[in-house]
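Let me begin by presenting the structure, written as C-alpha coordinates, before commenting on it.
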Amino acid sequence: MLSFVLLTCLCGCVLSSVWPMQMQCYHCEESPPDNDCSSPKFIVNCTANIQNSCQQEVIYGQDVVTYRKQCASHSTCLITSSGYQSFCNPGRRGSICITCCNTPLCNGPQPPRYNPAPRHGPLKPTLLLLLAVAMGALPTPLL
(Lines give C-alpha, C1' and ligand atoms only; values in the text may rest on other atoms or scores of the structure.)
Protein backbone atom coordinates (compact mmCIF):
# COMPACT_ATOMS: atom_id res chain seq x y z
CA MET A 1 0.00 0.00 0.00
CA LEU A 2 2.83 2.42 0.85
CA SER A 3 4.48 1.79 -2.52
CA PHE A 4 1.17 2.58 -4.27
CA VAL A 5 0.89 5.90 -2.44
CA LEU A 6 4.51 6.80 -3.28
CA LEU A 7 4.02 5.85 -6.95
CA THR A 8 0.82 7.94 -7.12
CA CYS A 9 2.57 10.96 -5.62
CA LEU A 10 5.54 10.58 -7.99
CA CYS A 11 3.27 10.32 -11.04
CA GLY A 12 1.31 13.36 -9.87
CA CYS A 13 4.48 15.42 -9.50
CA VAL A 14 5.81 14.39 -12.92
CA LEU A 15 2.51 15.00 -14.71
CA SER A 16 1.96 18.38 -13.08
CA SER A 17 5.41 19.59 -14.13
CA VAL A 18 5.06 18.31 -17.72
CA TRP A 19 1.45 19.42 -18.31
CA PRO A 20 0.87 22.71 -16.53
CA MET A 21 -2.62 23.96 -15.74
CA GLN A 22 -4.20 25.73 -18.64
CA MET A 23 -5.10 29.38 -18.06
CA GLN A 24 -8.74 30.38 -18.47
CA CYS A 25 -9.85 33.92 -19.30
CA TYR A 26 -12.96 35.75 -20.38
CA HIS A 27 -12.94 36.48 -24.12
CA CYS A 28 -15.02 38.90 -26.17
CA GLU A 29 -14.13 41.08 -29.13
CA GLU A 30 -16.51 43.91 -28.41
CA SER A 31 -19.11 43.85 -25.71
CA PRO A 32 -22.64 45.16 -26.13
CA PRO A 33 -23.52 48.21 -24.00
CA ASP A 34 -23.87 47.52 -20.27
CA ASN A 35 -22.28 44.06 -20.58
CA ASP A 36 -18.72 43.47 -19.38
CA CYS A 37 -18.46 39.98 -20.97
CA SER A 38 -18.22 38.25 -17.60
CA SER A 39 -20.80 35.51 -17.90
CA PRO A 40 -19.74 31.84 -18.16
CA LYS A 41 -20.41 31.77 -21.91
CA PHE A 42 -17.37 34.05 -22.43
CA ILE A 43 -14.88 31.71 -20.64
CA VAL A 44 -12.20 30.22 -22.92
CA ASN A 45 -9.15 28.02 -22.43
CA CYS A 46 -5.94 29.80 -23.36
CA THR A 47 -3.10 28.21 -25.32
CA ALA A 48 -0.95 26.33 -22.78
CA ASN A 49 2.63 27.57 -22.25
CA ILE A 50 2.02 30.59 -24.52
CA GLN A 51 -0.96 32.54 -23.26
CA ASN A 52 -0.29 32.79 -19.54
CA SER A 53 -2.23 36.00 -18.82
CA CYS A 54 -5.61 37.57 -19.29
CA GLN A 55 -5.98 41.00 -20.85
CA GLN A 56 -8.82 43.48 -20.49
CA GLU A 57 -9.30 46.59 -22.57
CA VAL A 58 -11.87 49.14 -21.43
CA ILE A 59 -12.86 51.83 -23.92
CA TYR A 60 -14.84 54.78 -22.60
CA GLY A 61 -16.94 56.05 -25.53
CA GLN A 62 -19.45 58.86 -25.97
CA ASP A 63 -22.19 57.33 -23.82
CA VAL A 64 -21.07 53.71 -23.54
CA VAL A 65 -18.26 51.62 -22.06
CA THR A 66 -16.96 48.84 -24.31
CA TYR A 67 -14.92 45.85 -23.12
CA ARG A 68 -12.50 43.63 -25.01
CA LYS A 69 -11.14 40.63 -23.16
CA GLN A 70 -8.75 37.91 -24.26
CA CYS A 71 -5.93 35.52 -23.44
CA ALA A 72 -2.43 36.93 -23.96
CA SER A 73 1.19 36.23 -23.21
CA HIS A 74 2.16 38.19 -20.12
CA SER A 75 5.06 40.02 -21.78
CA THR A 76 2.95 41.07 -24.79
CA CYS A 77 0.17 42.28 -22.54
CA LEU A 78 2.56 44.35 -20.41
CA ILE A 79 4.08 45.96 -23.51
CA THR A 80 0.62 46.78 -24.90
CA SER A 81 -0.71 48.17 -21.62
CA SER A 82 2.37 50.33 -21.06
CA GLY A 83 1.89 51.83 -24.53
CA TYR A 84 -1.63 52.90 -23.56
CA GLN A 85 -0.87 54.31 -20.10
CA SER A 86 -1.01 57.90 -21.29
CA PHE A 87 -4.49 57.26 -22.77
CA CYS A 88 -5.93 55.72 -19.59
CA ASN A 89 -8.19 58.05 -17.60
CA PRO A 90 -10.96 55.78 -16.25
CA GLY A 91 -14.41 57.24 -16.78
CA ARG A 92 -13.21 59.92 -19.20
CA ARG A 93 -14.63 59.91 -22.73
CA GLY A 94 -12.06 58.70 -25.28
CA SER A 95 -10.00 56.89 -22.65
CA ILE A 96 -8.58 53.42 -23.31
CA CYS A 97 -7.29 51.35 -20.38
CA ILE A 98 -5.55 47.99 -20.81
CA THR A 99 -4.79 45.76 -17.84
CA CYS A 100 -3.02 42.41 -17.50
CA CYS A 101 -3.43 39.75 -14.85
CA ASN A 102 -2.20 36.19 -14.43
CA THR A 103 -4.72 34.24 -12.37
CA PRO A 104 -7.62 32.25 -13.86
CA LEU A 105 -10.60 34.40 -14.89
CA CYS A 106 -8.98 37.53 -13.46
CA ASN A 107 -10.32 39.70 -16.30
CA GLY A 108 -13.88 38.97 -15.17
CA PRO A 109 -16.51 40.94 -13.30
CA GLN A 110 -15.47 44.20 -11.77
CA PRO A 111 -16.09 44.58 -8.02
CA PRO A 112 -18.47 47.34 -7.02
CA ARG A 113 -16.75 50.63 -6.36
CA TYR A 114 -16.40 51.67 -2.75
CA ASN A 115 -17.21 55.27 -1.98
CA PRO A 116 -15.43 56.23 1.24
CA ALA A 117 -17.21 59.60 1.53
CA PRO A 118 -19.34 59.91 4.69
CA ARG A 119 -23.09 60.01 4.14
CA HIS A 120 -24.06 62.48 6.85
CA GLY A 121 -21.09 64.82 7.02
CA PRO A 122 -18.45 64.89 9.73
CA LEU A 123 -19.40 64.86 13.40
CA LYS A 124 -18.43 67.91 15.42
CA PRO A 125 -15.76 67.40 18.14
CA THR A 126 -18.16 68.41 20.95
CA LEU A 127 -20.70 65.85 19.78
CA LEU A 128 -17.99 63.18 19.66
CA LEU A 129 -16.93 64.06 23.22
CA LEU A 130 -20.53 63.85 24.47
CA LEU A 131 -20.98 60.49 22.76
CA ALA A 132 -17.75 59.17 24.30
CA VAL A 133 -18.82 60.23 27.80
CA ALA A 134 -22.31 58.79 27.31
CA MET A 135 -20.87 55.47 26.16
CA GLY A 136 -18.52 55.31 29.16
CA ALA A 137 -15.34 55.56 27.09
CA LEU A 138 -14.18 58.60 29.06
CA PRO A 139 -14.51 59.16 32.79
CA THR A 140 -17.18 61.64 33.78
CA PRO A 141 -15.89 64.89 35.27
CA LEU A 142 -16.15 65.26 39.03
CA LEU A 143 -18.46 68.04 40.15
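The values are calculated or read from the model by the stated rules, or taken from the named source; none is laboratory data. Remember, it's a predicted structure, so these values are computed and weren't measured experimentally. All Cβ positions, glycine included, derive from the backbone under ideal geometry; neighbour counts span all protein chains shown. Remember, those area values only see protein heavy atoms, side chains included, never the ligands or the DNA or RNA. Shrake-Rupley method; radii C 1.70, N 1.55, O 1.52, S 1.80 Å.
A few notes on this one:
- Net lengthening on full extension, Thr80/Asn35 (0.36 nm per residue, minus Cα-Cα): 13.9 nm
- Counting only protein heavy atoms and a 1.4 Å probe, the range 44-109 has 57 square angstrom of accessible area per residue.
- With a Förster radius of 30 Å applied to the C-beta separation of Ile50 and Ile96, the computed FRET efficiency comes to 0.75.
- Applying 0.36 nm per residue to the separation of Asp63 and Gln22 and subtracting their alpha-carbon distance, the gain on full extension is 11.1 nm.
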